[in-house]
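Have a look at the structure below before the remarks.
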Amino acid sequence: MTSEREPSGYRRFPPGFALMPEDFPRKLAALKELTGLTWEGMADALGVDPRQLFRWRNEDGEPNAGAMLSLVRLAIRVPGGLALLTDEDVTVILRPRR
């Protein structure tokens, strides 16, 4: 994987790199199990319609940027949640806002 540095400090990745993983529905189900929420409760926590969550589970759509941010925010509050979504060894330290 090659990337170039942009002047702003952001990295530019090749097209197609940021696509959703094929096993996203499985990861979503695993995250749901980690949270202990129902599907309806998870939809509520993410701020999405339960029908939208159903579509993601059935590979009939994927989260938009806002929903993905909500998903990440939920995952960082669940031990192992962000590591599950990203397939990375992740340590999250939450600090209170000032």
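The values are calculated or read from the model by the stated rules, or taken from the named source; none is laboratory data. Because the structure is a prediction, the values reported are computed rather than measured. Every residue, glycine as well, gets a Cβ built from its backbone with ideal geometry; the counts of neighbours run over all protein chains shown. What goes into the accessible areas is simple: the full protein's heavy atoms, side chains included, and nothing from ligands, DNA or RNA. Shrake-Rupley method; radii C 1.70, N 1.55, O 1.52, S 1.80 Å.
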Is there any pair with a first residue in the range 78-96 that is assigned to a helix (DSSP H, G or I) and a second that is of a type in the set (A, V, I, L, M) and surrounded by fewer than 10 Cβ atoms within 10 Å (Cβ to Cβ) whose Cβ atoms are under 7 Å apart and which are 6 or more apart or on different chains, and what are they?
none
So which residues in the range 67-93 are modelled with pLDDT of 90 or more and on the phi > 0 side of the Ramachandran plot, if there are any at all?
80
Does residue 27 count as surrounded by 14 or more Cβ atoms within 10 Å (Cβ to Cβ), free of Cβ contacts under 8 Å to residues at least 40 places away in the same chain and of a type in the set (Lys, Arg)?
no
Of the conditions (1) in a helix (DSSP H, G or I); (2) in contact (Cβ under 8 Å) with a residue 24 or more places away in the chain; (3) open to solvent by 50 Å² or more (accessible area, probe 1.4 Å), the single one that residue 71 does not satisfy is (3)
Go through the range 33-74 residue by residue and tally those that are closer than 21 Å to residue 94 by Cβ and of a type in the set (Lys, Arg).
1
Spot the failing condition for residue 40; the list is (1) loosely packed, with under 11 Cβ neighbours inside 10 Å; (2) part of a loop (DSSP other than H, G, I, E, B), and only one is missed.
(2)
Reported set for the range 43-60 where residues are on the phi < 0 side of the Ramachandran plot and either among the β-branched types (Val, Ile, Thr) or outside any helix (DSSP H, G or I) (or both) is 48, 49, 58, 60
